[in-house]
């Protein structure tokens, strides 16, 4: 068993797919950084609000840069993505992008997306990969020696990560609302005015078709790509699926990241022959460079690899440790690959009692936050708690000694009637946040 595992991880394989993915992924990172500025996303998410909902454990010290700082921040991050793409000072570029993007990810939850988390994982992985050892400026300019082979774990990691993402996405869809196509019908009915495909999206049979095909695609895509006989049919289906999602749902670079990762499923000699035609022909019979690792290096790589993927498997399961419907309570929802599974809306107001004086506060009228932030407060219990703490600090800074904050929040999940999300009798100003414990002031979903 030990020998087979060593062979699985350390078998020498052609570097061509890894180099090609570095180029494609680096391009996407460049577009993500610069595009976020050009589309106005940075301005809306980081510059416009005076109060930002960062992850609670990182609040308040992890906050956006003042003034126009975030514009320069993202442009520099885009340049780092270009460095990854070109293999120019690759290690430095990958490390900087990882830390900068992870900070971006943790400093805001209003525009949370699963692919932002995936980018954190992929950029972290890139720091340790020799993806710049081939077809890169680092090789051309003599900063590193060219390699034609890399250990198989460097490419197997992407396949395993892709399998985990898709498998959990498929499992998460197997719940009653999705089986009844409730979220899909709500999304598509809003898009029925789309040119050409709008009338199709409004058809009930098509909504059910998309819901069930979503389960089937997520659950089967990786096995079908691994099997050579089905791969030639699976790749066109994957292109259609991801481009459809990109057009209809506008979910950023995620579809293109997953398409780029499919390069690891193809025969490596064919990848080289198609994309690197003028580069040296590689044959495992003529390996010139050694991929021999010392015993301690092998042990360190195996330990890190196993621990990382064990964590990736276990982390999405943590929501089962909390009571109630995870789509309602949100406890354990993030970092679990619950990708586009529900439609949720809500509204919130707060009763603030400051030294005995009652004031009704509406987040929608607060100039410190954006309308999008205000709308998210009505659906996310942790953001309700954060906003209550914000109000407490705000009024204490104005000189009030005793501040109580009560939340009146009603939400709707997948078209259900609006119902209480937060217990209106609990003073959230005195409640503590527990990252690993359920919160009794979140009202359970009533079906």
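FYI, it's all coordinate maths here, none of it is from the lab. For clarity, every value in this text was computed on a predicted model and none was experimentally measured. Every residue, glycine among them, receives a Cβ derived from its backbone with ideal geometry; neighbour counts consider all protein chains shown.
Principal-axis analysis of the Cα atoms of the chain puts helix 295-314 at an angle of about 40° to the longest axis. Across every direction, the projection of the convex hull enclosing the Cα atoms of the chain has a mean area of 25.0 nm². Contact order, relative form, for the chain: 16 percent (alpha carbon pairs under 8 Å, 6 or more residues apart, mean separation divided by residue count).
How much of the pair distance distribution for region 327-368 lies past 11 Å, counting alpha-carbon pairs only, in percent? Percent of Cα pairs beyond 11 Å in region 327-368: 76.
Beyond 13 Å, what share of the Cα-Cα pairs of region 125-179 is found? Please give it as a whole percent. Everything past 13 Å amounts to 70 percent.
In whole angstrom, region 1-118 maps to an equivalent ellipsoid with semi-axes of 33, 18, 11, each derived as √(5λ) from the alpha carbon gyration tensor and ordered largest first. Angle check, please: helix 153-173 long axis (alpha carbons) against the longest principal axis of the chain (alpha carbons), in degrees 0 to 90, nearest 10. Approximately 40 degrees, to the nearest 10. For region 157-283, the convex hull spanned by the alpha carbon atoms encloses 128 Å³ per residue. Our Cα-only numbers for region 182-236 put the radius of gyration and Dmax at 14.3, 40 Å. Modelled spin-label separation between residue 7 and residue 141, with each label point placed 7 Å from Cα along the Cα-to-Cβ direction: 4.2 nm. Working from label points 7 Å from Cα in the Cα-to-Cβ sense, the residue 431 to residue 306 distance is 4.2 nm. By definition, a body whose alpha carbon gyration tensor gives a ≥ b ≥ c is oblate when a/c is 1.5 or more and a/b is not larger than b/c, and region 8-55 fits this oblate description.
Against the chain, whose longest principal axis is taken from its Cα atoms, helix 228-249 shows a tilt of about 30°. Projected over all directions and averaged, the alpha-carbon convex hull of region 343-447 occupies 7.0 nm².
Spin-label model, residue 396 to residue 314: label points 7 Å out along the Cα-to-beta-carbon direction sit 3.6 nm apart. Our helix-only sum for the chain, with -39,500 (n - 2.57) per DSSP H run of n ≥ 4 divided by its residues, gives a mean residue ellipticity at 222 nm of -16500 deg cm²/dmol. Dividing the C-alpha radius of gyration of region 322-398 by 2.2 N^0.38 Å, with N its residue count, gives 1.27.
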